[in-house]
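What follows is a short report on a single structure.
The values are calculated or read from the model by the stated rules, or taken from the named source; none is laboratory data. Just so it is clear, the structure is predicted and the values come from calculations on it, not from any experiment. Neighbour counts run over all protein chains shown; Cβ positions are idealised from the backbone, glycine included. These accessible areas exclude ligands, DNA and RNA; they are computed on the full protein's heavy atoms, side chains included. Shrake-Rupley method; radii C 1.70, N 1.55, O 1.52, S 1.80 Å.
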Amino acid sequence: MAAKRTKGFWIIMIMGKLLLLILIVGQMMAFINYDFTVSLGLQESKDIIGEMGVAVNKGFGVGDTIIYTPILAIGLIGLWLRKMWGVIAMTGALAITAYWPMVSIFILIYAKNVPGFNFTNYASYSILLSAITIYGIWGMWYLYKNRKILAYEE
């Protein structure tokens, strides 16, 4: 009989699905139609972050489309199916989830006095991005600690 789904499992699944949706709409679309993602509030405009900031965001969009989104999707599916490959893929996705917000925070900090960079929303972004990093780190720990009840051995 399958073990009952834990609260931690549901936190990982719900947040993972939300992140997957944001990746599809905000990151995949960033390099296809950047202005569309700006209109949705999922990217900053060229007036705020400059041409280089847009280029960085589009680069992240390509990387997220090719690497992060598929690993996250595979992880969510495999975790739902209680497969060890799902736990492994989701752990990889959570590692990326912990990593990219820290890169983003420090890009914002280091770009602060760069000409053409007019970003000012540091406090709310720092809180949001730190929370995403904490989710990623917690999720990796949770999956490791609970891997035997989250997946059947194959």
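Name every residue in the range 29-43 that is over 17 Å from Ser104 (Cβ atoms) and not in a loop (DSSP other than H, G, I, E, B), in order of residue number.
Within the range 29-43, Met29, Ile32, Asp35, Phe36, Ser39 meet the criteria.
So, Gly50, is that one closer than 26 Å to Tyr152 by Cβ and out of contact with any Asp or Glu (no Cβ under 6 Å at 6 or more places or on another chain) or not?
On the way: closer than 26 Å to Tyr152 by Cβ: no; out of contact with any Asp or Glu (no Cβ under 6 Å at 6 or more places or on another chain): yes.
The answer is no for Gly50.
What residue, among those in the range 55-82 that are closer than 21 Å to Tyr142 by Cα and small (Gly, Ala, Ser), is surrounded by the most Cβ atoms within 10 Å (Cβ to Cβ)?
Ranking the candidates gives Gly75 first.
Is there a residue in the range 105-113 that is among the basic types (Lys, Arg), assigned to a helix (DSSP H, G or I) and without any contact (Cβ under 8 Å) to a residue 40 or more places away in the chain?
Narrowing the range 105-113 to residues among the basic types (Lys, Arg): 112.
Next, only the ones that are assigned to a helix (DSSP H, G or I) stay: none.
No, the conditions are met nowhere in the range 105-113.
Just checking, which of Met52, Met102 is part of a helix (DSSP H, G or I), open to solvent by 50 Å² or more (accessible area, probe 1.4 Å) and over 22 Å from Leu20 (Cα atoms)?
Going through Met52, Met102 in turn, just one is part of a helix (DSSP H, G or I), open to solvent by 50 Å² or more (accessible area, probe 1.4 Å) and over 22 Å from Leu20 (Cα atoms): Met52.
Suppose we filter the range 1-26 for residues that are in a loop (DSSP other than H, G, I, E, B) and in contact (Cβ under 8 Å) with a residue 40 or more places away in the chain; how many remain? Lay out the reasoning, then the answer.
Taking the range 1-26 first, the residues in a loop (DSSP other than H, G, I, E, B) are 1-6.
From the residues that got through so far, the ones that are in contact (Cβ under 8 Å) with a residue 40 or more places away in the chain too are 2-3, 6.
Summing the residues that are in a loop (DSSP other than H, G, I, E, B) and in contact (Cβ under 8 Å) with a residue 40 or more places away in the chain in the range 1-26 gives 3.
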